[in-house]
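These notes are about the structure you will find just below.
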Amino acid sequence: MQTLPIHLDLFALIIFLGVAQGIFLGVFFLTGLRSKSVGNRCLGFFTLALSAVSGEIFLNYTNYTFRALWTSDFAEPFNFALGPLFYFFIYSRLWQRLPLRWGWHLLPFAIWLVNSVTWHYQPLEVKYNAYINAQHPELPFIHQEPYWSDDFTGLRDFINELTLLSCVVYAALALLTIRTANRTAGKKTDSSIHTSLRLLSLLFALVPFLIVLVKPQFYHDVGDYLLATYMAATIYAISFLVMQESDFLLNTAQPEQTVFAEESLAEPKKKYEKSALSEEVEDAVLRKLARLLETEKPYLDSDLSLPKLAARLDTSPHHLSQLLNDRLGQTFFDWLAAYRIAEARQLLSEPATSNLKIDEIAERVGYNSPSAFHTAFKRLTNQTPAQFRVKGLGQGAER
């Protein structure tokens with residue numbers, strides 16, 4: 001069997017970094033408390049599937065497949081998982097659940113996964129010929145004796161067309177889901193989330209157009225490195241949006257979740273001596289905030305930040321921060337921790353929720369980190385959650 005030297009260039013580097021970042025994101029969303037969110041799990045599996053497809057293209061493009069022929073076409077079934085997983089992510093991010101009969105969406109992936117056995121369980125000569133046919137048509141074929149005939153579906157010759165169809169259908173479903181959520185009265189998702197989801201859906205919707213543009217210009221799969229480069233860009237975009245939505249690196253970060261908590265809380269309460277808000281506007285925002293607290297309890301959302309709360313109150317983050325400081329005498333961080341800990345105290349003192357673990361209560365009141373919850377609780381009550389529960393339940397029994 002003839003081999004070619006390893007080929008590394010800028011495209012290979014971009015694709016490789018995209019694969020590594022996709023694997024990192026997949027592990028990130030599928031571990032810890034983050035994995036309890038169905039939307040996070042769908043996004044985690046989507047980025048892993050995207051990495052698998054890009055990883056196979058990376059091996060093909062760099063000629064590493066010559067040195068690991070067993071990897072030939074290993075990721076092909078994931079072509080039919082990308083669309084459903086992306087749609088599941090959009091749907092569950094908006095509605096906090098999977099669509100009805102979601103398992104049927106994965107049927108093409110399951111069929112192709114079974115079908116892949118027919119080309120995975122083959123001698124290396126068959127895999128070598130398949131690889132050079134797709135990537136290096138200038139090389140001669142070698143003699144092969146297959147164990148059996150591959151592709152029991154008879155559809156493998158149409159893999160590009162079927163992949164294109166899958167991407168079109170699920171990109172359309174994702175955009176339609178976002179549109180429906182926008183029009184649904186009373187939907188509690190803020191507009192910034194809709195904007196991010198719409199951007200990702202448009203990025204995904206471009207994939208079939210790229211397939212149409214790239215595939216006819218190259219023999220078989222020779223041009224797939226261009227698609228993999230775009231996939232890497234998509235992974236980078238997801239990473240950017242994740243960081244943008246995260247409070248950790250922003251000035252609006254929840255101080256109880258960082259080692260600088262006490263320093264942040266030690267800032268003077270009156271940060272704004274000159275108010276840009278009239279009393280009437282301040283009163284209107286405060287009334288809207290009171291109604292929001294009563295009907296939706298936004299402080300229970302683990303990803304609540306100052307900009308997100310401000311968007312739901314139709315004001316700016318600067319003005320909301322000023323209002324909290326001037327009228328309530330609290331920073332946003334103080335305000336958020338106070339409401340969350342008040343909710344936690346109620347759950348810890350009620351017999352009906354005595355079966356819940358401390359960490360479960362922490363999650364219910366909006367904390368992703370149990371240690372952050374313990375720190376905030378001790379700071380505001382001078383007790384640990386366990387001590388408060390024992391005392392609270394004891395007093396309830398006495399009454």
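The values are calculated or read from the model by the stated rules, or taken from the named source; none is laboratory data. Not measured: the values here are computed from a predicted model. Every residue, glycine among them, receives a Cβ derived from its backbone with ideal geometry; neighbour counts consider all protein chains shown. Heads up: the accessible areas ignore ligands, DNA and RNA and are worked out on the full protein's heavy atoms, side chains in. Shrake-Rupley method; radii C 1.70, N 1.55, O 1.52, S 1.80 Å.
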(request) Pop out the ³J(HN,Hα) list for region 337-352 in order, Karplus 6.51 cos²θ - 1.76 cosθ + 1.60 with θ = phi - 60°, rounded to Hz; leave Gly and Pro as x. (result) 5, 4, 5, 5, 5, 4, 5, 5, 4, 5, 5, 6, 9, 8, x, 5
(message) Modelling each spin label as a point 7 Å along the Cα-to-Cβ direction, I'd like the ASN182/GLU294 distance in nm, to one decimal.
(response) 3.2
(request) Using a 1.4 angstrom probe on the protein heavy atoms only, line up LYS378, LYS297 by accessible area, largest first. (result) LYS378, LYS297
(request) Output the relative contact order of region 40-152, whole-number percent, from Cα pairs under 8 angstrom with separation of 6+ residues. (result) 28
(message) For region 1-156, report the % of Cα-Cα distances exceeding 26 Å.
(response) 38
(request) Once you have the Cα-Cα distance between ASP303 and SER371, take 0.36 nm times their residue separation minus that, and quote the gain in nm to one decimal. (result) 22.8 nm
(request) Could I have the simple spin-label model distance between LEU328 and GLN96, label points 7 Å from Cα toward Cβ, reported in nm to one decimal? (result) 2.1
(message) Which one, ALA20, ILE90, LEU200, is farthest towards the positive end of the dipole of the chain when Lys and Arg carry +1 and Asp and Glu -1 on their Cβ?
(response) ILE90
(message) About the Cα centre, and with charges only on the beta carbon of Lys, Arg (+1) and Asp, Glu (-1), how big is the dipole of region 12-137? Nearest 20 debye, please.
(response) 620
(message) Give me the one-decimal nm value for the distance between modelled label points at GLN346 and ARG67, 7 Å along each residue's Cα-to-Cβ direction.
(response) 6.1
(request) Determine, at each q value in 0.12, 0.15, 0.20 (inverse angstroms), the log₁₀ of I(q)/I(0) that the Debye formula gives when each Cα of region 2-61 is one equal point scatterer. (result) -0.36, -0.50, -0.71
(request) Would you mind working out the magnitude of the charge dipole of region 275-399 relative to its Cα centre, with +1 at each Lys and Arg C-beta and -1 at each Asp and Glu C-beta, to the nearest 20 Debye? (result) 480
(message) On a 27 Å Cα-Cα criterion, which of the cross-link pairs LYS357/LYS391; LYS297/LYS378; LYS288/LYS357; LYS36/LYS357; LYS297/LYS357; LYS36/LYS297 come out too long?
(response) LYS288/LYS357
(request) State the percentage of accessible surface on region 7-112 attributable to carbon and sulfur atoms; use a 1.4 Å probe and exclude ligands, DNA and RNA. (result) 72
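Suppose R0 equals 35 Å; then what is the FRET efficiency for ILE159 and MET243 from their Cβ-Cβ distance, rounded to the nearest 0.05?
It comes out at approximately 0.50.
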(message) Sorted from largest to smallest, which semi-axis lengths in Å does the alpha carbon gyration tensor of the chain give for its equivalent ellipsoid, taking the root of 5 times each eigenvalue?
(response) 51, 23, 20
(message) Helix-only estimate, please: 222 nm mean residue ellipticity of the chain, summing -39500 (n - 2.57) across DSSP H runs of length 4 or more and dividing by its residues, to the nearest 500.
(response) -20500 deg cm²/dmol
(message) With equal scatterers on the alpha carbons only and no solvent term, can you work out the Debye log10 of I(q)/I(0) for region 117-241 at 0.11, 0.12, 0.13 1/Å?
(response) -0.57, -0.65, -0.73
(request) Subtract the Cα-Cα distance of GLN144 and THR31 from 0.36 nm times their separation in residues, and report this length gain in nm to one decimal. (result) 36.3 nm
(request) Could you tell me the accessible area of SER371 in Å² (1.4 Å probe, neighbours in place), rounded to the nearest ten? (result) 80
(request) Evaluate the relative contact order of the chain (contact order divided by residue number), counting alpha-carbon pairs under 8 angstrom at least 6 apart; express in whole percent. (result) 14
(message) Leaving out ligands and nucleic acids, and using a 1.4 Å probe, what accessible area per residue does region 25-151 come to in Å²?
(response) 45
(request) Could you give me the radius of gyration and the Dmax of region 293-398, taking only the C-alpha atoms into account and expressing both in angstrom? (result) 15.0, 48
(message) At 1.4 Å probe size, put TRP95, TRP335 in order of accessible surface, largest to smallest.
(response) TRP95, TRP335
(request) Give, rounded to the nearest 20 debye, the magnitude of the charge dipole that the chain has about its Cα centre when Lys and Arg contribute +1 at Cβ and Asp and Glu contribute -1 at Cβ. (result) 1440
(request) Only Cα pairs under 8 Å and at least 6 apart count here; give the relative contact order of region 272-391 as a rounded whole percent. (result) 23
